[in-house]
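Chemist: Below are the structure tokens for one structure; questions will follow.
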Amino acid sequence: MVKTTESESRNLLMRLREAMAGDDAGQARLDKITQLIADSMQSEVCSVYLFRDDETLELCATQGLNVESVHQTRMRIGEGLVGHVARYGKVINTPDAPNAKGFRYMPETGEERFSSFLGVPIQRLGEMLGVLVVQSKEGREFSSDAVYALEVVAMVIAEMTELGAFVGEGAALSPLHQQPVLLRGTIAQEGAVEGHVWLHEPRVVVTNPIADDPHRELERLHEAVEELRVGVDKMLEVTQTGDKEQLQVLEAYRMFANSKGWMRRMEEDIGRGLSAEAAVEKEQSQARARMGQVQDAYLRERLSDLDDLSNRLLRILTGQGSETGAELPEDPVLIARNIGPGELLEYGRNLRGIVLEEGSVGSHAAIIARALAIPLVVHTKRITTEALNGDHIMVDGEQGVVHLRPDDTVVSAFRDKIAMQAKAQERYASIRDKQALTRDGRRVHLLMNAGLMADLPSLENSGAEGVGLFRTELQFLVRNQMPKRSELVALYQRVLDAAGGKRVVFRTLDIGSDKVLPYMKPTDEPNPALGWRAIRVGLDKPGVMRMQLQALIRAANGRPLTVMFPFVAQFEEFRDAKAEVEKTLERERRLGHALPEKLEVGAMLETPSLAFAPQKFFDEVEFLSIGGNDLKQFFFAADRENERVRKRYDTLNVSYLSFIAQIVERCEKSGTPLSFCGEDAGRPIEAVCLAAMGLRVLSMRPASVGPVKSLLMRVDLNDIRKIITDARHRGEQTVRPAVMQYLREL
Ligand code: PEP
Ligand code: MG
């Protein structure tokens, strides 16, 4: 068995560092490294395979295999033993490689002469860069010490690769993070934009993976861990009375920060020659690789806690805070794993575009991006590992494609696309003051959704006839503390002033689910979308609702006022809420405040149950607005934030459209004014189908008013209604293909 002691490991790393310090070109460095490793591990062969592209590994340097095969031998990920290591991020250690499962013979390398094989992944923070292999003729198994030593070396090679040590003249590989990359995601907000990358959480850069003095490094590690522990304890003290979930995370942090196993591994890494930060990163990389394999949600969460904790530790060790000194570019495109609505609002309109590695189309962060008309692509794998601050980036929100560091041809094609978009905007501007009149002479009223002061100028620019949904919670989400009543009065007053007499439908606070106010004690719910949210909170804890109603009445100051309650699931909830309005009116009257000249009180229809409410509800409610985002999620029992299930059900599904038609019919019978204010109202094809089902008022993000109007003006709603009915009779699940066909033929 081959053994490698700590001091041998350290020795090897020192020699590697010398090799790196020389002024050799990239390839020569890599050649020298393989030679040093083979020597040190007493193996005939050492080879480095690196990714050429996402799918292909290339032999980039070797000591012991045929030199001619360098840069010639390639394999796909998953292919052969090397491909296996790369795919699963797992070590393969076998004394009899030719008979091992998955072995693939590469005649040009001459490797059939070698029996034993040890391959370890070269990876950095979840990014697989390649595979490091040692082989020897003698059929022996490598000791766990030897495996460890090779992992440490692989870690150093990964760092060097990241730092660009193997590029340049005689390049062993193309430089990382400099090549053009095309990434695909899911469209969450359309629009094509060009800008420069701004990382929400910049990566820590480790420039010194190898250290001379393990004692000093151990000291540094211990000091940093101590600082980390003190920090976590402090956070725990402050949170003790607060959010249970946050407390759980912090408890997990504390557990890891005190974890002997974690410490021991990092100490061993240092013993073998790594610097303190490289040791932290090595453990972090391995935890991330495990994260990719683990199915259990609880374990994944814990690994992600460890990841977070490692980041904190790295920041302490390197002194690199989240403030890296980088300046926000003039045209920032935000890159993040995920982002909450509050954080996004802090960036506000400064952003040109947003690309998320996770995220979801139905989330409130996505709604905010839409409200701000910022193109957004979600579910874009690898974006956080590929993009560097300041990279040139083009986001195609129409196709869900992201071009990172695009080459000249892409740039020019993309700029043409942006120009075409601008032309379309001109076309929409030309119909801005026209009514949305269909070919069969039906008038559809187009309103806009808003929630921020910044939205209001759009009322003028978009041609919207009013604000069909003002999401009041956005103002609560952007603050660190509960706004005062006087602040709300001033705010709503400005909204009404800006609307200049156009109707504004103020929806009362819709919090809960993913809209968590930072200053309100959160509740621990197994299923927040079905939980204590919106009007349920408003009725159970009426203080805030009363304050909001008072603020609205005072802001109106005698002008007409429209109030809408969110998420009403049964008649009684509406009745109770309406009673609160009456009480507030009475109180305000007694206090001598002017009462609105006209007050309309309506409800959102967001749960299927409300469509079946008693007739009395339809008679009493002054208007209804279908919140399609929630209604659709409850109709199909498919979480609006879960991309996997959300996409299964088309809005143009015949059952859903029939349900909408039933609601329209009930409202027509009882003379209840009805509108639709979910995101689907702003999608032109969906909008024309909703109009065909009988909806005459659609409320959407301002940027959609033009495209929706333009399409409505070209269609005959009778035709579309017939297409929908025919498709239903044919038993089709969705009417989309049939409607698209009709639209193409227009
Ligand atoms: C809806 O559910 O469609 C809606 C408009 O409300 P929100 O998206 O804010 O939940
Ligand atoms: Mg809703």
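Chemist: Evaluate the relative contact order of the chain (contact order divided by residue number), counting alpha-carbon pairs under 8 angstrom at least 6 apart; express in whole percent.
Modeler: Working: 1413 pairs, mean separation 76.6, N = 746.
Value for the chain: 10 percent.
Chemist: Which loop-located trypsin sites (Lys or Arg not before Pro) does region 586-685 contain, where loop means any DSSP state but H, G, I, E or B and the Cβ has at most 12 other Cβ atoms within 10 Å? Numbers along the way, then the final one.
Modeler: Numbers: sites: 587, 589, 590, 598, 616, 632, 640, 644, 646, 647, 648, 666, 669; in loops: 598, 640, 647, 648.
Of the trypsin sites (Lys or Arg not before Pro), the ones in loops of region 586-685 whose Cβ has at most 12 other Cβ atoms within 10 Å are 598, 647, 648.
Chemist: Any idea how far the Cα center of region 399-437 sits from the one of region 471-489, in Å?
Modeler: Their Cα centres are 35 Å away from one another.
Chemist: Oh, and also: Provide the descending list of Cα extents for region 486-631 along its principal axes, expressed in whole angstroms.
Modeler: On the principal axes, region 486-631 reaches 44, 39, 28 Å in Cα extent.
Chemist: For residue 105, what is the net charge nearby, where nearby means another residue's Cβ is under 11 Å from its Cβ and Lys, Arg count +1, Asp, Glu -1?
Modeler: Numbers: positive: 104; negative: 108, 111, 112.
Counting the neighbours of residue 105, the net charge comes to -2.
Chemist: Further question on the same structure: Residue 541 accessible area, nearest 10 Å², 1.4 Å probe?
Modeler: We get 130 Å² for residue 541.
Chemist: Need one value: the accessible area of residue 352 in square angstrom, 1.4 angstrom probe, rounded to the nearest 10.
Modeler: The accessible area comes out at roughly 110 Å².
Chemist: Separate question: Which of the residue pairs 541/578; 515/541; 632/722 have a Cα-Cα distance greater than 21 Å in the structure shown?
Modeler: Details: 541/578 15 Å; 515/541 17 Å; 632/722 23 Å.
Over 21 Å Cα-Cα: 632/722.
Chemist: Setting aside same-chain residues fewer than 8 positions from residue 423, which aspartates and glutamates have a Cα under 16 Å from its Cα?
Modeler: Those aspartates and glutamates meeting the cut-off are 190, 398.
Chemist: Here is a further query. Based on DSSP H runs of at least 4 residues, each adding -39500 (n - 2.57), what is the mean residue ellipticity at 222 nm of the chain after dividing by all its residues, to the nearest 500 deg cm²/dmol?
Modeler: Values: 28 runs with 342 residues, N = 746.
About -14500 deg cm²/dmol.
Chemist: Right, next: If a paramagnetic tag sat 7 Å from the Cα of residue 576 along the Cα-Cβ line, which residues of region 494-536 would have the backbone N under 14 Å from that point?
Modeler: 532-536
Chemist: Which of the lysines could a cross-linker span from residue 32 if the Cα-Cα distance has to be under 24 Å and same-chain partners fewer than 8 positions apart are dropped?
Modeler: Residue 32 reaches 3, 137, 282.
Chemist: Report the label-to-label distance for residue 108 and residue 423 in nanometres (one decimal), using points 7 Å from each Cα along the Cα→Cβ vector.
Modeler: 4.7 nm
Chemist: Still on this structure, please answer the following. What percent of all Cα-Cα pairs in the chain falls into each 20 Å bin, going from 0 up to the bin containing the maximum distance?
Modeler: Percent of Cα pairs in each bin: 15, 40, 29, 14, 1.
Chemist: Treat every Asp and Glu Cβ in region 17-127 as -1 and every Lys and Arg Cβ as +1, leave all other atoms uncharged, and give the resulting dipole magnitude about the Cα centre to the nearest 20 debye. Could the numbers behind the result be given before it?
Modeler: Numbers: 12 positive and 17 negative charges, 79 e Å.
Once rounded to the nearest 20, the dipole reads 380 debye.
Chemist: Which length gain, in nm to one decimal place, applies between residue 251 and residue 589 when the Cα-Cα distance is subtracted from 0.36 nm times their residue separation?
Modeler: On the way: separation 338, 0.36 × 338 = 121.68 nm, distance 5.15 nm.
Gain on extension, residue 251 to residue 589, equals 116.5 nm.
Chemist: If you don't mind, there's one more thing I want to ask. With a 1.4 Å probe and all protein chains kept in place, how much accessible area does residue 259 have, in Å² rounded to the nearest 10?
Modeler: Here the residue's solvent-accessible area equals roughly 30 Å².
Chemist: Report the net charge of residues surrounding residue 115, where surrounding means a beta-carbon distance below 12 angstrom and charges are Lys +1, Arg +1, Asp -1, Glu -1. Mind showing how you got there, number by number?
Modeler: Details: positive: 113, 137, 140; negative: 44, 96, 111, 112, 138, 141.
Its environment carries a net charge of -3.
Chemist: State the extension gain, in nm to one decimal, for the chain segment bounded by residue 598 and residue 440, taking 0.36 nm per residue of separation less the distance between their alpha-carbons. Walk me through the numbers before you get to the answer.
Modeler: Numbers: separation 158, 0.36 × 158 = 56.88 nm, distance 3.38 nm.
Computed gain between residue 598 and residue 440 is 53.5 nm.
Chemist: Compute the length gained on full extension between residue 237 and residue 530: take 0.36 nm times their separation in residues and subtract their Cα-Cα distance, giving the result in nm to one decimal. Intermediate values should be presented prior to the final figure.
Modeler: Numbers: separation 293, 0.36 × 293 = 105.48 nm, distance 3.12 nm.
Extra length from residue 237 to residue 530 when fully extended: 102.4 nm.
Chemist: Also, I was wondering about something else. At a 1.4 Å probe, what is the % contribution of carbon and sulfur to the accessible area of region 443-498?
Modeler: Numbers: 970 of 2080 Å².
On region 443-498, the fraction of accessible area on carbon and sulfur atoms equals 47 percent.
Chemist: What translational D, rounded to a whole number of µm²/s, comes out for region 339-407 from Stokes-Einstein when the hydrodynamic radius is the Kirkwood one over Cα pairs, at 25 °C and 0.890 mPa s? If you can, show how the numbers build up before the last one.
Modeler: Numbers: Rh = 12.3 Å.
Once the numbers are plugged in, D ends up at 199 µm²/s.
Chemist: Can you compute 3J(HN,Hα) from phi for each residue in region 91-107, using the Karplus curve 6.51 cos²θ - 1.76 cosθ + 1.60 with θ = phi - 60°, rounded to whole Hz and x for Gly and Pro?
Modeler: Each residue of region 91-107 in turn: 6, 10, 9, 9, x, 9, 4, x, 9, 6, 4, x, 4, 10, 7, 10, x Hz.
Chemist: Using the heavy atoms of the protein chains and a 1.4 angstrom probe, tell me the accessible area per residue for the chain in square angstrom. Numbers along the way, then the final one.
Modeler: Numbers: 32040 Å² over 746 residues.
Result: 43 Å² of accessible area for each residue.
Chemist: Counting DSSP beta bridges in the chain, what percent are antiparallel, to the nearest 5? Walk me through the intermediate numbers first.
Modeler: Working: 48 of 85 bridges.
Taking every DSSP beta bridge within the chain, about 55 percent pair in antiparallel fashion.
Chemist: Just to be sure I follow the definition: excluding the sites themselves, where is the longest run in the chain that has none of the chymotrypsin sites (Phe, Trp or Tyr not before Pro) in a DSSP loop with at most 15 other Cβ atoms within 10 Å?
Modeler: Values: sites that count: 105, 519, 532, 612.
Maximal segment without exposed cleavage sites: 106-518.
Chemist: Shape of region 175-227 from its Cα gyration tensor (a ≥ b ≥ c, root eigenvalues): rounded if a/c is under 1.5, otherwise prolate when a/b > b/c, or oblate? Provide the component values of the computation, followed by the final result.
Modeler: Numbers: a/c = 4.44, a/b = 2.49, b/c = 1.78.
Since a/c reaches 1.5 and a/b is larger than b/c, the shape of region 175-227 is classed as prolate.
Chemist: Tell me the carbon and sulfur percent of the accessible area for region 558-611, rounded to whole percent, probe radius 1.4 Å. The partial results should precede the final answer.
Modeler: Working: 1100 of 2270 Å².
The computed percentage sits at 48.
Chemist: Please list 668, 108, 588 in order of solvent-accessible area, largest first, computed with a 1.4 Å probe with all protein chains present. Don't jump to the answer; show the numbers that get you there.
Modeler: Working: 668 125, 108 80, 588 0 Å².
My answer, sorted largest first, is 668, 108, 588.
Chemist: Which FRET efficiency, nearest 0.05, do residue 746 and residue 381 yield, Cβ-Cβ r, R0 41 Å? Don't skip to the end; give the middle numbers.
Modeler: Values: r = 37 Å, r/R0 = 0.90.
So the FRET efficiency works out to roughly 0.65.
Chemist: So in region 307-404, what percent of DSSP beta bridges are antiparallel if you round to the nearest 5? Please list the in-between numbers first.
Modeler: Numbers: 4 of 10 bridges.
Rounded to the nearest five, the antiparallel share is 40 percent.
Chemist: For region 1-44, place one equal point scatterer on every Cα, skip the solvent, and apply the Debye formula. What is log10 of I(q)/I(0) at q = 0.17 Å⁻¹?
Modeler: Result of the Debye calculation: -0.47.
The values are calculated or read from the model by the stated rules, or taken from the named source; none is laboratory data. Since the model is a prediction, treat every value here as computed from it, not as a measurement. Methodologically, a virtual Cβ is constructed for each residue, glycine included, from the backbone with ideal geometry; neighbour enumeration extends over all protein chains shown. Ligands, DNA and RNA are stripped out before the accessible areas are found, and what is left, the full protein with its side chains, is counted by its heavy atoms. Shrake-Rupley method; radii C 1.70, N 1.55, O 1.52, S 1.80 Å.
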